[in-house]
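Here the structure comes first, spelled out in structure tokens, and everything after it is commentary.
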Amino acid sequence: MAGAACDSGPRTAALRAECDRSFARIVAEALCLNLPVLIQRRILGGWKYINRYTGTFFDDEHDVVAAAAELLASAVAPCEWFRGNFGPESSSRRLTALLRPLDASLGHEAGWRITAAGPQGHRAA
């Protein structure tokens, strides 16, 4: 439809699985797509991604509607929060800190950078 708004996609991701190994990956993907998440409180992973910037929890069918309404009314920035805490820059810093004890040539100014092509090392000559 010509001239249609581009916001016709989903506005939130509602996830309920309690025991799914891929749950944390699914939550991370939703946040990267800038979808706030509504998650059952009893999940066994992915909870570290949920805060006031990314989504909210619900307990059961009795409070899911209220939690969804609260989430849709709140000002969230899931993609921005995820990139700031788990994106390429943060991952690069963590990788450099992990590798520094193994390679003395990795000074504080040198390091690794995570890109779409994968990790790229910067080594002192």
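Overall shape: oblate for segment 42-103, with the ratio a/c of the largest to smallest alpha carbon gyration tensor axis at 1.5 or above and b/c at least equal to a/b. Here the relative contact order of segment 13-82, from alpha carbon pairs under 8 Å that lie six or more residues apart, stands at 35 percent. Once backbone amide H atoms are built at 1.01 Å from N, VAL37 has ALA13, GLY55, THR56 as its partners under 5 Å, excluding neighbours fewer than 5 places away on the same chain.
Taking 0.36 nm per residue of separation and subtracting the Cα-Cα distance, full extension of the segment from ARG41 to GLU80 would add 11.7 nm.
Approximating the spin labels as points 7 Å out from Cα along Cα→Cβ, the GLU61-to-LEU102 distance works out to 5.0 nm. Look at the Cα gyration tensor of segment 13-82: its axes a ≥ b ≥ c give a/c of at least 1.5 with a/b at or below b/c, and that counts as oblate.
Readers should treat all values here as calculations from the given coordinates under stated rules, not as data from a laboratory. Given the structure is predicted, the values throughout are model-derived calculations rather than measurements. Cβ sites come from the backbone with ideal geometry, for glycine too, and all protein chains shown count toward neighbours.
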